[in-house]
Amino acid sequence: MLEEELSQKPPINPLQPEHMDAAAIRRRYGPTLVLWGTVGRKTTFSSATEPQTHQGVNRRIDSLGRTGLVLCPAYEIDELDIPWANAAAFFQTVLYG
């Protein structure tokens, strides 16, 4: 059953880094399984500095690859406790490295 599901590239939505080890899931299933999320709203967006956001996003891209990855926050980031500088750092890192 899992092989049939994997052949259709289902996403794990959302993949919350505080509760799931995305790198372990990627090692086990490879890029066949689409990972959605992987960037923590609390750990990355609201608590990190701009450089920490940049490093965290690069670490996810390096460990998970770009194939089979929808790199985005696990939940909304339009709350008052989210510094827009961190959102900008996320987008800049995704686009330009």
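The values are calculated or read from the model by the stated rules, or taken from the named source; none is laboratory data. For clarity, every value in this text was computed on a predicted model and none was experimentally measured. Cβ atoms come from the backbone with ideal geometry, glycine included; neighbour counts cover every protein chain shown.
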Starting from residues that are surrounded by fewer than 17 Cβ atoms within 10 Å (Cβ to Cβ) and either among the hydroxyl-bearing types (Ser, Thr, Tyr) or not in a loop (DSSP other than H, G, I, E, B) (or both), keep the ones in the stretch 72-86 and report whichever is modelled with the lowest pLDDT.
Tyr75
Here the residues within the stretch 49-71 that are surrounded by fewer than 16 Cβ atoms within 10 Å (Cβ to Cβ), within 24 Å of Arg26 (Cβ to Cβ) and of a type outside the set (A, V, I, L, M) are Gln52, Gln55, Asn58, Arg59, Asp62, Ser63, Gly65, Arg66, Thr67
Show the residue pairs meeting these rules: Cβ distance below 6 Å; 6+ apart or different chains; first residue within the stretch 20-44 and buried (at least 19 other Cβ atoms within 10 Å of the Cβ); second residue charged (D, E, K, R).
Thr38/Arg60; Gly40/Glu18
The residue that is farthest from the chain's Cα centre (by Cα), considering only those in the stretch 36-50 that are outside any helix (DSSP H, G or I) and of a type in the set (Val, Ile, Thr), is Thr49
